[in-house]
């Protein structure tokens, strides 16, 4: 079992719809959870992070965290073609003093169709 | 872009030759990381540094060494390059954002080992 799992996709979503990206993790001690976006040939860029159960909203993006179910998701409202990218989920290692290391999922490729 | 540069951006080399990749940051952040990214594997940590001359291994450190003689520079060396080390290499720094350390990435180096 991978430590951080994501569906590789591609996930195809019509323009203007809500895109829902999911991530599960295995380490119950993980404290912080991150979503990065990566365009083809580019480096990952941070979208948002969350560390408390519930929802966190930033513009068209909402991160949702459920620590009991070890599940984190990213919702993208009013999807735009420019949102087409690979989305990477990352979580901190659940060891003392290991909040400086991240465990990464392999990413979900999202395609927004005009 | 968090003030991170990587050099070279592209390199082609032959099996058995040594290769050094450089990561440079302008903001004196303590933590620096080297990752490799391959299709289907996501980002995998090679080595990281938590200060000048303080480094530690990541999950895929075999065949790689690192050095950090100055806060701003983190070097990754492939002592004798192999074809399995063909990959995209990303450097990252860790920045404290509100309550969590957050990683920001350099532009990457594409390495092809023939």
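The values are calculated or read from the model by the stated rules, or taken from the named source; none is laboratory data. Predicted model, so just to flag it, every value in this text is computed and none were measured. With ideal geometry, Cβ positions are generated from the backbone for all residues, glycine too; neighbour counts draw on all protein chains shown.
For the condition surrounded by 12 or more Cβ atoms within 10 Å (Cβ to Cβ) and either away from chain B (no Cβ under 13 Å) or without any contact (Cβ under 8 Å) to a residue 12 or more places away in the chain (or both), residue A:43 qualifies. Inside segment B:36-57, can you point out the residues that are under 18 Å from residue A:4 (Cβ atoms), more than 8 Å from every other protein chain (Cβ to nearest Cβ) and crowded, with 18+ Cβ neighbours inside 10 Å? Scanning segment B:36-57 gives B:36, B:37, B:46.
Would you confirm, using the coordinates I've provided, whether residue B:81 is under 25 Å from residue A:42 (Cβ atoms) and either under 14 Å from the mean Cα position of the chain (by Cα) or at the interface with chain A (Cβ under 9 Å from one of its Cβ atoms) (or both)? For residue B:81, the condition - under 25 Å from residue A:42 (Cβ atoms) and either under 14 Å from the mean Cα position of the chain (by Cα) or at the interface with chain A (Cβ under 9 Å from one of its Cβ atoms) (or both) - is not met. Could you check, for segment A:59-72, whether at least one of its residues is in contact (Cβ under 8 Å) with a residue 60 or more places away in the chain and within 14 Å of chain B (Cβ to nearest Cβ)? The answer is no, given that none of the residues of segment A:59-72 is in contact (Cβ under 8 Å) with a residue 60 or more places away in the chain and within 14 Å of chain B (Cβ to nearest Cβ).
Taken together, the residues in segment B:25-42 that are assigned to a loop (DSSP other than H, G, I, E, B) and in contact (Cβ under 8 Å) with a residue 60 or more places away in the chain amount to 4.
Kindly indicate whether residue A:57 is within 27 Å of residue B:106 (Cβ to Cβ) and surrounded by fewer than 21 Cβ atoms within 10 Å (Cβ to Cβ). Against the criterion (within 27 Å of residue B:106 (Cβ to Cβ) and surrounded by fewer than 21 Cβ atoms within 10 Å (Cβ to Cβ)), residue A:57 does not qualify. The number of residues in segment B:58-77 being exposed (fewer than 14 other Cβ atoms within 10 Å of the Cβ), farther than 16 Å from residue B:91 by Cβ and at pLDDT 95 or above comes to 1. Among residues that are under 25 Å from residue B:38 (Cβ atoms) and under 13 Å from the mean Cα position of the chain (by Cα), residue A:87 is included. Within segment B:13-24, does at least one residue satisfy the condition of being crowded, with 19+ Cβ neighbours inside 10 Å, within 13 Å of another protein chain (Cβ to nearest Cβ) and part of a strand (DSSP E or B)? Yes, segment B:13-24 contains at least one residue that is crowded, with 19+ Cβ neighbours inside 10 Å, within 13 Å of another protein chain (Cβ to nearest Cβ) and part of a strand (DSSP E or B).
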